[in-house]
Amino acid sequence: MEERRLLLAVALSLLVLTGYQLLFPPKRPPRPTPSPTVAPTAAAAPATPEPRPSPTPSGPAPAIADDRERRVEAQGADLTVAFTNRGARLVSWRLARFTDARGRAEEMVESVVGGPRSLDIETGDAAVDEKLRGALFRPSTEGLVLSGPGAQELRFQFSGDGLSASKTVFFLPSGYLVSISASVQKDGRPLPVKLLWGPGVGNPTPAEMEVQGYQPPHAVALTAAGVERPAVDKVGPLRVLPQAQWAGIESHYFAALFVPPPGAGTEIRTLTLPGEGDKPRLAPQAAVVLPGPDAKAGLYVGPKDYPTLAREGHDLAKVVPVGEWIGPIVVPLMKLLNWVHGHVGNYGWSIVALTVLINVAMSPLRHYSIANGVKMAKLSPEMKVIQERYRKVPALDPKRQEMQKEIGALYERHGMSMGTQMAVGCLPLLLTMPFLIAFYRVLQVSIELRGSPFLWIPDLSQKDPLFVTPLLMGISMFVMQRMTPSSMDPAQQRMMMIMPVVLVVMFFAAPSGLNLYWLASNVCSIIQQGVTLRLIRGSEGDPRSRDRRKR
């Protein structure tokens, strides 16, 4: 009897405990929030990550695949992106606001038959990569119209034969910066994932490749050392950039740049592709390493337009080579050129107008420089007599001090100071040259000139088809040299007359916008030189006229 009561009590206790557990389940302890990872500095070695336990396979995932191959597009105000669901591979990335030589939207993807494609997935397992490239991914939609205030996603999924993969691109209604994530699992275990861009970016035309200074697409990255632009043949099969802020491929006017997520790295590579004849072609490729399936990498594919890149953030604007020391002048001049274009309506006339404005602003300094040249030309014959007298005296001989005293007395007789004249002669040049060089740089990097016509010139970013501007530039330089007062001897002056010919040859294949700027600047200099010389001769009298009257 006692045993039966004991067994009944135990059974009732178990029943009460079980019911309590079902009615009042214990609260799960909250997952600890991971502390944000701090990227190691260049001086400190990166910490070795703790190994994560491998997840236990949970059985085969349900099969996911499309029934046929199809094209999937996402279209927005600035770009149209097209994929094929076979491998979720990118086939087109067109920029709506920029056109090629045929008037079509500019294409950023260079397709190579049988070669890699941009935004391909790489896992390090060649068999898996090959399987994924041929798999029919299921897209989340057949077409995506980018509108509304928020981001929209285009997702591709595949599962079968022990493989599971996904790729998702997040678009904004406007802009060129997107986010992209990807994941791959084999037999339930995640594989490392890299996203590729390349080969190259864009498809330059033969006319663009003939322009002086053209460089084929090459790798570019922003590291702790600054912007690096290694040549294609210097990169090698693989260069890892673990702490790059961004890395990718650039051409003269366009760029494709990966912005890695926290804890991720980037890579740049050189591919060997079929070329003309038996000679292979080297092409750049970039990759971003995704640290996990939920990690999103940024991707900018668009123009190297400084204001646009500055709005996107991530220091992407540094891909535009405005220059380090002269950049603070180049950027405002870019804005000023666009402001002038907003009132003039043509970039050719905008270049002319802005060149005139710069020369007018610099005219007081140039006036002093020309006046100083006239004074130096007057005392040049007496200066040569003194220098000839001491020509054979060694440079370290004490008698050289006597020559300096005679030169100082010569300056004093003409009402001049040696130190003041040196400053007046050099200071205007030092003050004006940075602005002239900065505007020259503006015309080199401004994508606005691409495709902009001017009179007989169809494109200011390409060479003058009739070579009129480089020839007129050379003639204007010759006229300017003839007008400039000089203290050089006749032999040196004849040598200087060769310079216009040399510059014409150098600028024969230069962009016509640069030649137009140089020509307009020379014309402004000729006008100012003529006016300044006329004022000087009117106030002091023309020495040549006095010589003719004496004879």
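The values are calculated or read from the model by the stated rules, or taken from the named source; none is laboratory data. Just so it is clear, the structure is predicted and the values come from calculations on it, not from any experiment. Glycine gets a Cβ as well: all are built from the backbone with ideal geometry, and neighbour counts include every protein chain shown. The area values use the complete protein model at the heavy-atom level, side chains included, leaving out ligands, DNA and RNA. Shrake-Rupley method; radii C 1.70, N 1.55, O 1.52, S 1.80 Å.
Observations, loosely collected:
- For the stretch 71-110, the solvent-accessible area with a 1.4 angstrom probe is 41 square angstrom per residue.
- For the stretch 457-472, Karplus couplings with θ = phi - 60° (6.51, -1.76, 1.60), whole Hz, Gly/Pro x: 8, x, 8, 6, 8, 10, 5, 5, x, 9, 6, 6, 5, x, 5, 5
- Charges were assigned to the Cβ only: +1 to each Lys and Arg, -1 to each Asp and Glu. The resulting dipole of the stretch 109-265 about its Cα centre is roughly 380 debye.
- Sorting Arg413, Arg366 on solvent-accessible area from highest to lowest, probe radius 1.4 Å, gives Arg413, Arg366.
- Prolate/oblate/rounded label for the stretch 171-226 (Cα gyration tensor, a/c 1.5): prolate
- Accessible-area value, His252, 1.4 Å probe, nucleic acids and ligands omitted, Å²: 90
- Cα→Cβ-extended label distance, 7 Å offset, between Leu365 and Arg413, nm: 3.4
- Rounded to the nearest 20, the size of the Cβ-charge dipole of the stretch 198-296 about its Cα centre is 220 debye, with Lys and Arg at +1 and Asp and Glu at -1.
- Segment Arg155-Ala126, extension gain: residue separation times 0.36 nm, minus the distance between their alpha carbons: 8.1 nm
- Coupling constants for the stretch 144-161 follow from the phi torsions by the Karplus curve (6.51 cos²θ - 1.76 cosθ + 1.60, θ = phi - 60°), and in residue order they are 9, 9, 7, 8, x, x, x, 7, 10, 10, 10, 10, 10, 9, 8, 8, x, 6 Hz; glycine and proline get x.
- The stretch 245-355: relative contact order in percent, alpha carbon pairs under 8 Å with at least 6 residues between: 21
- Per residue, the stretch 193-287 exposes 44 Å² of solvent-accessible protein surface, assessed with a 1.4 angstrom probe and all protein chains in place.
- Charge-dipole axis of the stretch 77-173 as Lys and Arg at +1 and Asp and Glu at -1 on Cβ define it, positive-most pick from Ile121, Leu146, Phe83: Leu146
- Spread of Cα-to-Cα distances over 5 Å intervals beginning at zero, given as percent, for the stretch 220-309: 3, 14, 22, 23, 18, 12, 6, 2, 1
- Ignoring lysines fewer than eight residues from Lys399 along the same chain, the ones with Cα atoms less than 25 angstrom from its Cα are Lys384.
- Label-point gap, in nm, between Thr99 and Val505 - each point 7 angstrom along Cα→Cβ: 3.9
- Difference of contour (0.36 nm per residue) and Cα-Cα distance, Ser174 to Lys384: 68.8 nm
- Surface composition of the stretch 219-260: carbon and sulfur atoms hold 58% of the protein heavy-atom accessible area at a 1.4 Å probe.
- With the largest listed first and rounded to whole Å, the semi-axes of the equivalent ellipsoid of the stretch 279-339 from the Cα gyration tensor are 29, 19, 11.
- Applying the criteria of a DSSP loop state and at most 10 other Cβ atoms within 10 Å to the GluC sites (Glu not before Pro) of the stretch 188-287 yields Glu276.
- Mean-position separation - Cα centroids, the stretch 238-302 and the stretch 82-117, in angstrom: 17
- Efficiency of FRET from Cβ geometry, Val356 and Leu466, R₀ 22 Å, rounded to 0.05: 0.40
- Leu535 - accessible surface, heavy atoms, 1.4 Å probe, Å² rounded to 10: 110
- Contour minus Cα-Cα distance for Val240 and Ile326 (0.36 nm per residue): 27.9 nm
- With the simple model of a label 7 Å out from the Cα in the direction of the Cβ, Arg71 to Val393 spans 8.4 nm.
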